[in-house]
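The values are calculated or read from the model by the stated rules, or taken from the named source; none is laboratory data. The shown structure was predicted, so the numbers you read here are calculated from the model rather than taken from an experiment. Note that each Cβ is placed from the backbone with ideal geometry, even for glycine, and that neighbours are counted across all protein chains shown. To get the accessible areas, we keep the full protein, side chains included, count just its heavy atoms, and leave off ligands, DNA and RNA. Shrake-Rupley method; radii C 1.70, N 1.55, O 1.52, S 1.80 Å.
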Amino acid sequence: MKRPILATLFATLLVLVASTSVLAHSPEGVDDLSSVEQYDYTVYKGKIGPYPITLFIDLSATTNEYCGYYYYNNRPKSRFTLILKKFETINLHGSMKVVLYEYTPKGNHTGTFNGQLEGRGDGFQGMFTNSKGTKYRFSLTESY
């Protein structure tokens with residue numbers, strides 16, 4: 001190959017790597033659904049207050065990283081990105097205290113999940129607070 005072609009290929013590769021990294025760690029990253037397929041999700045179904053939801057979470061994420069998304073079942077195309085803000089193991093069974101921040105596709109922080117994720121697949125329960133400060137209990141069960 002000639003040098004200009006190699007330089008062009010190298011520049012293209014750098015752009016692809018940089019955009020993939022930004023997409024995977026950005027609250028807006030869930031807009032491109034092909035980007036979320038690289039994660040190993042555990043799926044939970046249940047309710048925030050009276051509202052049925054489906055939540056996808058990658059339990060291998062670290063603090064301040066993209067860890068999944070969820071949607072209200074009556075609006076499956078309206079997905080909210082989840083960023084892991086805190087997790088702490090609380091017993092030998094692997095149960096964890098978890099705080100997840102919810103972001104809109106435009107990157108606005110609009111809610112917080114504060115709850116306990118059970119290590120034996122028993123579920124994810126706690127309190128959800130929306131951007132107006134309204135609190136709702138949530139209860140989710142792992143879906144197989």
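For residues in the stretch 114-144 being assigned to a strand (DSSP E or B) and among the aromatic types (F, W, Y), which is modelled with the lowest pLDDT? Across the stretch 114-144, the extreme among qualifying residues is F124.
Only one of the listed residues (L6, L84) is more than 10 Å from the chain's Cα centre (by Cα) and either under 21 Å from T134 (Cα atoms) or at pLDDT below 55 (or both). That residue is L6. Out of the residues in the stretch 87-103 meeting the condition of being of a type outside the set (A, V, I, L, M) and at pLDDT 95 or above, tell me which one is most open to solvent (accessible area, probe 1.4 Å). Ranking the qualifying residues of the stretch 87-103, first place goes to Y101.
When you scan the stretch 104-113, how many residues do you find that are among the small types (G, A, S) and at pLDDT 95 or above? Give the derivation first.
To start, the set of residues in the stretch 104-113 that are among the small types (G, A, S) comprises 107, 111.
Now drop any that are not at pLDDT 95 or above, which leaves 111.
Result for the stretch 104-113: 1.
Given the conditions (1) touching a helix residue (DSSP H, G or I) at 6+ places or on another chain (Cβ under 9 Å); (2) buried (at least 18 other Cβ atoms within 10 Å of the Cβ), and given that H109 satisfies all but one, which numbered condition is not satisfied? All conditions pass for H109, except number (2).
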